[in-house]
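One structure is given here, and the rest of the page talks about it.
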Amino acid sequence: MTTTAVPVPTGTASGIMLIIHAGAGDQGKRRTPRENAKVDHDLRQALEAGYALLEAGAPAQDAVCAALRVLEDAEEFNAGRGAALTSQGKVSMDACLMTGKDKEAGSAIGVEQARHPIDVARAIKERTKHAVFAKPSSDLLRDWGIETCDPEYFITDLRRQQLIEAQSGGDLWSRHGTTGAVARDRAGNLAAGTSTGGITNQMPGRVGDSPLVGCGTYAGNDSASISCTGIGEAFIKETAAYQIAARIRFAGQSPEQAAQAVLDGVTSHGGDGGVIVLPSHGPGLIAYNSPGMNYGYMSESGSEVNHSGE
């Protein structure tokens, strides 16, 4: 597969920057112009929410979480409201947050009631001694100060239709709507976050790459922050996010060289998708080998949103 690489310019070598994605695949070509306009609007809203915090001097993880909350509320993306449905017709959402300075991480798996799964990942990171937590109860979410919703809040008519299609023999694996964000703050610290609803008609209990540190999400000030989207099983087998960081740190590769090698590996496992990469210094990168990708970025040099990769 051909990999498309989009450099993200920066005003200064260590200038503030926010890059987001909202899934890779062929969904952009399936949407109407009005639907694509809504995607562009929500990508822009997410960028503005996160970047305003960076401009005010907030840490990178605050910007990542702010951007992802907007995307989790936008039902056209596969995270939060509008998450994909399992074979049982339920949501099972995953999220991960990692900070580059201390390499601390929180990972939430099988979330069913939190309006913003990224907030659960942050609570695990900051309020517990654990790195990974599965199926937090509603009582525990309330103890952590997490806003909860009735499970029906997350289910949309579109996701119901897609589940029917998938269970009738349709293949929806090419539609990856996972959301992610990477940021660099004024202190030069990095953060990465990813939030997803998984894959339509997945078996209950299935976990993809998004909440797995080093697979779908990684941040290290000594290398880069990365968030992935695509066929999770292939990204897991490649330990994609950490491999990109390791290639940058230890092999001296550029973000583009590292992303190309990893996406080639993803292809070798029968998958496709994309990555957003933000190194500790220099420009960022958006790369994908799927038909398209929803992405956006904002830096001191400007901003852009794209709903299809075209």
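One residue alone among Ile226, Ile286 is without any contact (Cβ under 8 Å) to a residue 60 or more places away in the chain, within 16 Å of the chain's Cα centre (by Cα) and surrounded by 24 or more Cβ atoms within 10 Å (Cβ to Cβ), and that residue is Ile226.
When residues in the stretch 1-26 are screened for being within 20 Å of Gly80 (Cα to Cα) and either of a type in the set (Phe, Trp, Tyr) or out of contact with any His (no Cβ under 8 Å at 6 or more places or on another chain) (or both), 4 of them pass.
Under the condition of being within 16 Å of Ala114 (Cβ to Cβ) and β-branched (Val, Ile, Thr), the residues counted in the stretch 65-91 number 2.
Looking at the stretch 121-135, can you tell me whether even one residue there is touching a residue at least 60 places away in the same chain (Cβ under 8 Å), touching a Lys or Arg at 6+ places or on another chain (Cβ under 9 Å) and open to solvent by less than 10 Å² (accessible area, probe 1.4 Å)? No: the stretch 121-135 contains no residue that is touching a residue at least 60 places away in the same chain (Cβ under 8 Å), touching a Lys or Arg at 6+ places or on another chain (Cβ under 9 Å) and open to solvent by less than 10 Å² (accessible area, probe 1.4 Å). Only one of the listed residues (Gly50, Gly57, Gly25) is touching a strand residue (DSSP E or B) at 6+ places or on another chain (Cβ under 7 Å), touching a residue at least 60 places away in the same chain (Cβ under 8 Å), more than 20 Å from Glu104 (Cβ to Cβ) and not aliphatic (A, V, I, L, M). That residue is Gly25. Just name the residue that is modelled with the lowest pLDDT out of those in the stretch 165-181 that are part of a loop (DSSP other than H, G, I, E, B) and over 13 Å from the mean Cα position of the chain (by Cα). The residue in question is Ser174. Of the residues making up the stretch 244-257, those that are in contact with a strand residue (DSSP E or B) (Cβ under 7 Å, 6 or more places away or on another chain) and open to solvent by less than 50 Å² (accessible area, probe 1.4 Å) are Ile244, Ala245, Ile248, Pro255. Selection of the stretch 258-271 for residues being surrounded by fewer than 24 Cβ atoms within 10 Å (Cβ to Cβ) and at pLDDT 95 or above yields Gln260, Ala261, Asp264, Gly265, Thr267, Ser268, His269.
Of all residues in the stretch 27-75, those satisfying the criterion of being acidic (Asp, Glu) and open to solvent by 30 Å² or more (accessible area, probe 1.4 Å) are Glu35, Asp40, Glu48, Glu55, Asp62, Asp73, Glu75.
Selection of first residues in the stretch 65-86 that are touching a residue at least 40 places away in the same chain (Cβ under 8 Å) and of second residues that are of a type in the set (Phe, Trp, Tyr), restricted to Cβ pairs under 6 Å at least 6 apart or on distinct chains, gives the following pairs, ordered by first then second residue: Leu71/Phe77; Arg81/Phe154; Ala83/Phe154.
Residues checked against (1) at pLDDT 95 or above; (2) outside any strand (DSSP E or B):
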site	(1), (2)
Leu163	no, yes
Ala183	yes, no
Thr200	no, yes
Gly208	yes, yes
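Every test in (1) under 24 Å from Glu75 (Cα atoms); (2) more than 18 Å from the chain's Cα centre (by Cα); (3) in contact (Cβ under 8 Å) with a residue 24 or more places away in the chain is passed by Gln161 save one, and that test is (3).
Of all residue pairs spaced 6 or more apart or on separate chains, those with beta-carbon atoms under 9 Å, a first member in the stretch 180-209 that is closer than 19 Å to Lys237 by Cβ and a second member that is among the basic types (Lys, Arg) and part of a strand (DSSP E or B) are Ile199/Arg175.
Can Ala241 be described as within 15 Å of the chain's Cα centre (by Cα) and over 17 Å from Thr10 (Cβ atoms)? Yes.
The values are calculated or read from the model by the stated rules, or taken from the named source; none is laboratory data. In this text the structure is predicted, and so the values were computed from the model without any measurement. Note: ideal-geometry Cβ built from the backbone for every residue, glycine included; neighbour counts use all protein chains shown. Ligands, DNA and RNA are excluded from the accessible area calculation, which covers all protein heavy atoms including side chains. Shrake-Rupley method; radii C 1.70, N 1.55, O 1.52, S 1.80 Å.
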